[in-house]
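Since every read-out is calculated from the coordinates, none of them should be taken as a lab result. The structure presented is a predicted model; accordingly, all values stated were derived computationally and were not measured. Every residue, glycine among them, receives a Cβ derived from its backbone with ideal geometry; neighbour counts consider all protein chains shown.
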Amino acid sequence: MVRTLKDAPRPKRAPLPEEEAYLSILRAVGWMSTRLTRLLKAHGLTPAQYNILRILRGAGAPLPCLEVAHRLITPEPDITRLLDRMEKAGLITRHRSIRDRRVVDVSITPLGRRTLTGLDGPVIETHRANLGHMSRNDLAEISRLLEKAKTGAEPIG
């Protein structure tokens with residue numbers, strides 16, 4: 001029988017603390033985001049579309065497309081197509097900026113606002129289902145530690 005590299009026994013090593021923490025974060029995010037993704041899908045939205053609606057509602061005024069892209073939680077490789085789909089669905093509008101014709105501003109529509117308002121309660125309940133078993137102190141500590149972790153990471157782009 002011929003042994004290949006994939007058949008060779010691999011030495012076991014203990015995971016590095018950084019590796020273990022990273023994998024724990026990824027597993028937790030994957031598990032929690034599944035619930036939210038299912039909820040949003042039932043309302044005809046992707047997580048990125050929901051995020052854009054939240055950004056626009058929170059801004060209270062039209063934002064340039066590039067600013068919307070910059071504020072996304074997860075980078076979106078094709079923001080233009082995503083905004084095209086949202087505009088076609090009536091959730092947003094786009095128009096050229098009066099100040100600079102090269103800039104396209106994005107606004108949330110009344111339908112987009114109603115859609116988001118209708119999701120406010122169910123999204124909060126999803127967050128509670130994911131994290132409601134933890135104390136306020138635990139949640140604050142998680143937020144503090146993740147903010148601290150972000151300061152050590154290289155920014156994307």
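Quick rundown of the values:
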item: Under-5 Å amide H pairs with Ile92, H placed in peptide plane, nonlocal only; result: Glu87, Thr109
item: Given charges at beta-carbon only (K, R positive; D, E negative), |dipole| of segment 37-157 in Debye; result: 340 debye
item: Glu18 versus Met134: modelled label distance in nm, points set 7 Å from Cα along the beta carbon direction; result: 2.3 nm
item: Segment Cys65-Arg35, extension gain: residue separation times 0.36 nm, minus the distance between their alpha carbons; result: 8.0 nm
item: Cubic angstrom per residue, convex hull over Cα atoms of segment 1-144; result: 220 Å³
item: Derived scalar couplings ³J(HN,Hα) [segment 100-106; Karplus, 6.51 cos²θ - 1.76 cosθ + 1.60; whole Hz; x for Gly, Pro]; result: 8, 5, 6, 9, 10, 8, 10
item: Degrees, to the nearest 10: 79-88 long Cα axis against longest axis of the chain; result: 50 degrees
item: Cα-based helix-to-principal-axis angle, 110-131 vs the chain, degrees rounded to 10; result: 20 degrees
item: Other-chain or far-sequence residues with amide H under 5 Å of Val103's (modelled H); result: Ser97
item: Backbone HN-Hα couplings from phi across segment 64-75 [Karplus 6.51/-1.76/1.60, Hz, Gly and Pro as x]; result: x, 3, 5, 5, 4, 4, 5, 7, 4, 5, 10, x
item: Ranked packing of 93-103, 46-56, 31-41, 12-22, most packed first, by mean Cβ within 10 Å; result: 46-56, 31-41, 93-103, 12-22
item: Relative contact order computed over segment 1-113 (Cα-Cα under 8 Å; 6+ residues apart), in percent; result: 21 percent
